[in-house]
4 protein chains.
Amino acid sequence: MDDDGRDRPPVPTGRSERARTAALEAALALAVELPYPQVTMEAIAARAGVGKATLYRRWRHRGALLVDAVAHRNARAAVGDGRIPDTGDLQADLSAVLRAVVDELAVPAWDALLRALCVEALVDTAVGAQVLEEVFAPQITLFARRFAAARATGHIDGSVGDVEAFELFVAPLFHRWQLRTGALDHAYADAVVRRGCRALSP
Amino acid sequence: MDDDGRDRPPVPTGRSERARTAALEAALALAVELPYPQVTMEAIAARAGVGKATLYRRWRHRGALLVDAVAHRNARAAVGDGRIPDTGDLQADLSAVLRAVVDELAVPAWDALLRALCVEALVDTAVGAQVLEEVFAPQITLFARRFAAARATGHIDGSVGDVEAFELFVAPLFHRWQLRTGALDHAYADAVVRRGCRALSP
Amino acid sequence: MDDDGRDRPPVPTGRSERARTAALEAALALAVELPYPQVTMEAIAARAGVGKATLYRRWRHRGALLVDAVAHRNARAAVGDGRIPDTGDLQADLSAVLRAVVDELAVPAWDALLRALCVEALVDTAVGAQVLEEVFAPQITLFARRFAAARATGHIDGSVGDVEAFELFVAPLFHRWQLRTGALDHAYADAVVRRGCRALSP
Amino acid sequence: MDDDGRDRPPVPTGRSERARTAALEAALALAVELPYPQVTMEAIAARAGVGKATLYRRWRHRGALLVDAVAHRNARAAVGDGRIPDTGDLQADLSAVLRAVVDELAVPAWDALLRALCVEALVDTAVGAQVLEEVFAPQITLFARRFAAARATGHIDGSVGDVEAFELFVAPLFHRWQLRTGALDHAYADAVVRRGCRALSP
DNA sequence: TAATAAGCGAGACGGTACGTCACGTCTTGAA
DNA sequence: TTCAAGACGTGACGTACCGTCTCGCTTATTA
């Protein structure tokens, strides 16, 4: 699982590493501050002070570069700092998390990045798989841990899988975020959690 | 709500009507048979046998053209032929509908079209609103009618809004379709409906 | 003899004509003021205020463009104003002409253009043929007319062909100009003519 | 005359000597078998199995490398093996030599090399001087020796300089070779010699 | 003989130009 | 008058070379 459109050179030297970092950060910055069609490889290269060939040497697509850029960002500031609380009250814990997700999606920078990621994922199946693996899968894993605890204490139906439970809670937010079918606020997050917990109760 | 990127000439003559139809059908055909980045205005014009200026005279964006094209398609073959069944058994009715949705999404042509629509919606907020209004809103209305009946017979919690209920059922499918987090089949549709009905039960 | 790398569009419109002229004059200007490797299609397009695609639509090579540019220039200011004098004294007439050629080659602009033409002619046989036809052949024709008169009056050996006689006079200048084997001045022109006339005397 | 773009390291070790030879021969081979624009420093380095930095360490320009390569070639197989015959019959002797030149120019390899040299000489004055000094000057010297003998025996006009006499014979061939104004064969060589000798007769 | 530094091949780097394609506008010729 | 056809200026595409640089590795000397 290494030949998915990234990092051809196995040993990044000092100079290479500078170029790589500059490219990733330029991509992030441009994706945030420009309409996505203007986030071109040319613009990223110029902003990063890097040759276009260097970009294409490392990433086959703009999509691959963007996914790496977002992964790079997440490595620095993990969303929700990497753990779902477990106070014993599943509904309260999930409410806190989904409220945090709502808050994140309200940050224009993250909103723009995520929309860009979705565009690339929709356009190219391979990039879609990469997005799933590197951006969503970690989140699913986080939720899965909390669900396991809830199952152990009998708070949720043991027959529901992790991904299914994850989608029960996150998909409505994702849908509303992407299609803007309504206000995406704490109240909605709470309502989604309330209904989700009812759906999962044993 | 008239300057949203469509139909500037209000009275299409005979000749321009032919051009309009040809453009819409060319857009549909290309969106289905080519990767989306290759569905260019030039390609659509060429396929339709229409001048590029004619396209830009009627639609400002490729997105606006595509939305019209999908609306044009839906006008011919309405999804689920325009009504949600009401046998009195909400869960059975919704299962039938969501299974149909799953089947639709499995058709490559519709899958490709919907992905293209989502790309445009993600890239441009105005197109997003148009997609919502013309593609998703009709669906929500369909569901709303069935929900109203269910509320009247006391089968679901009266305090849950139509959009919220819609998202409870549709968002998981949408999420799984877009991100390919797992198999999108009848079993998943049934499970989503089962959990949704539990969540909505009074 | 029309498909030799120029003028694909048979009827140049008003806008096209402006683009064509601007391109030709930009090419001339750049070939004169820059080292030849910097006379790029990109630079010509920029200087002409013309799209690169427009250049490539009309000329396949930089060479083809340059040949047209020089022909365009020659159409305006014919070298030696289009006729070789005939005072009855062949040696004097040719001296005057070759001195004029020497003077022309001393003009940096024409020197640069001619070197550029030779580069293109050396690199690509097809361009070479075009250069011969459009730049040198007219000169040969001019000399041929004068040689015909000289043959008629018995001043030169009737068995020597026009091209051979032309080369007898012009080749030494060309050789010295290109390889800088010595001073290229009026004295040299006179000496070349003197020897050439001796060689051709009946 | 040492900083003209060649041999900066005065003491080539064994390893670097191998690199030098490999580079020169790769340059020759590529100049013969490819169109000249494809004879790039990269291609030469690759063919020679040599680092690009090694090329640039020894030669500043592709032109300097090419001139050295041709000189390297000439060192092995001297053109006309280094002497112009002196049978006492100047015209016959020169005919033999110019026929040999014509034959050389008919060899595609030498034709290609000489065109490449001329391109470099035309593009860069410094390279032009180098070409003159290393490729043409030795030829002029050869002719000069024969002219001196002819002058001593009163066969040619003593007032004509060596370079002028050289150009009288060689320039027409050069001109015809470069511009392809006509057939470049033994007959033409003979005619040029015949006329040249008449021009030079005392 | 072992370390040590110089020179090498390899090739990544920041650039620039290539030749192509699509953008959205504008002009022309035919219907 | 409207339309298809397509040229126009613009600018991004992905590639190839430029000339410089940084790597390890090989060599040839110096301790």
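The values are calculated or read from the model by the stated rules, or taken from the named source; none is laboratory data. Since this is a predicted model, take the numbers as computed values, not measurements. Glycine gets a Cβ as well: all are built from the backbone with ideal geometry, and neighbour counts include every protein chain shown. Note: areas computed on protein heavy atoms with side chains; ligands, DNA, RNA excluded. Shrake-Rupley method; radii C 1.70, N 1.55, O 1.52, S 1.80 Å.
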Number of positions in the range B:33-74 that are open to solvent by less than 70 Å² (accessible area, probe 1.4 Å) and more than 22 Å from residue B:128 (Cβ to Cβ): 9
Scan the range C:122-133 for residues that are in contact (Cβ under 8 Å) with a residue 12 or more places away in the chain and within 18 Å of residue D:110 (Cα to Cα) and report the count. 2
Filter result for residue B:198 (within 8 Å of chain A (Cβ to nearest Cβ) and of a type in the set (Lys, Arg)): yes
If I filter the range B:62-80 for residues that are among the charged types (D, E, K, R), modelled with pLDDT of 95 or more and within 14 Å of DNA strand E (Cβ to nearest atom), do I get at least one hit? yes
Can you name the condition, by its number, that residue B:62 falls short on among (1) within 14 Å of DNA strand F (Cβ to nearest atom); (2) within 14 Å of chain A (Cβ to nearest Cβ)? (1)
Would a scan of the range C:44-59 turn up a residue that is within 8 Å of DNA strand E (Cβ to nearest atom), modelled with pLDDT of 95 or more and part of a loop (DSSP other than H, G, I, E, B)? yes
Do you know which residues across the range B:171-185 are more than 7 Å from chain A (Cβ to nearest Cβ) and hydrophobic (A, V, I, L, M, F, W, C)? B:173, B:177, B:183, B:184
With the first residue restricted to the range B:47-64 and required to be assigned by TED's automatic domain parsing to the domain that holds residue B:30, and the second required to be in a loop (DSSP other than H, G, I, E, B), Cβ contacts under 6 Å at 6 or more apart or on different chains are B:60/B:5; B:61/B:5; B:63/B:124; B:64/B:5; B:64/B:6
If residue D:144 passes every condition in (1) modelled with pLDDT of 95 or more; (2) touching a Leu at 6+ places or on another chain (Cβ under 9 Å) but one, which one does it miss? (2)
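Per-residue answers, yes or no, for (1) open to solvent by less than 10 Å² (accessible area, probe 1.4 Å); (2) closer than 30 Å to residue C:37 by Cβ:
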{"site": "D:152", "(1), (2)": "no, no"}
{"site": "D:175", "(1), (2)": "yes, yes"}
{"site": "D:191", "(1), (2)": "no, no"}
{"site": "D:199", "(1), (2)": "yes, no"}
On the basis of being open to solvent by 60 Å² or more (accessible area, probe 1.4 Å) and either within 16 Å of DNA strand E (Cβ to nearest atom) or in contact (Cβ under 8 Å) with a residue 40 or more places away in the chain (or both), does residue C:86 make the cut? yes
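So that you can scan it fast, the table gives a plain yes or no per residue for (1) more than 8 Å from chain A (Cβ to nearest Cβ); (2) under 14 Å from the mean Cα position of the chain (by Cα):
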residue: B:92; (1), (2): yes, no
residue: B:113; (1), (2): yes, yes
residue: B:122; (1), (2): no, no
residue: B:140; (1), (2): no, yes
residue: B:187; (1), (2): yes, no
residue: B:202; (1), (2): yes, no
Residues located in the range A:83-101, provided they are within 23 Å of residue A:179 (Cα to Cα) and in a loop (DSSP other than H, G, I, E, B): none
Among C:142, C:122, which is the only one that is touching a Cys at 6+ places or on another chain (Cβ under 6 Å) and among the hydrophobic types (A, V, I, L, M, F, W, C)? C:122
One residue from A:104, A:120 being part of a helix (DSSP H, G or I) and open to solvent by less than 30 Å² (accessible area, probe 1.4 Å): A:120
Residue list for the range D:142-165, filter: within 11 Å of chain C (Cβ to nearest Cβ), under 21 Å from residue C:184 (Cα atoms) and in contact (Cβ under 8 Å) with a residue 12 or more places away in the chain: D:160, D:162, D:163, D:165
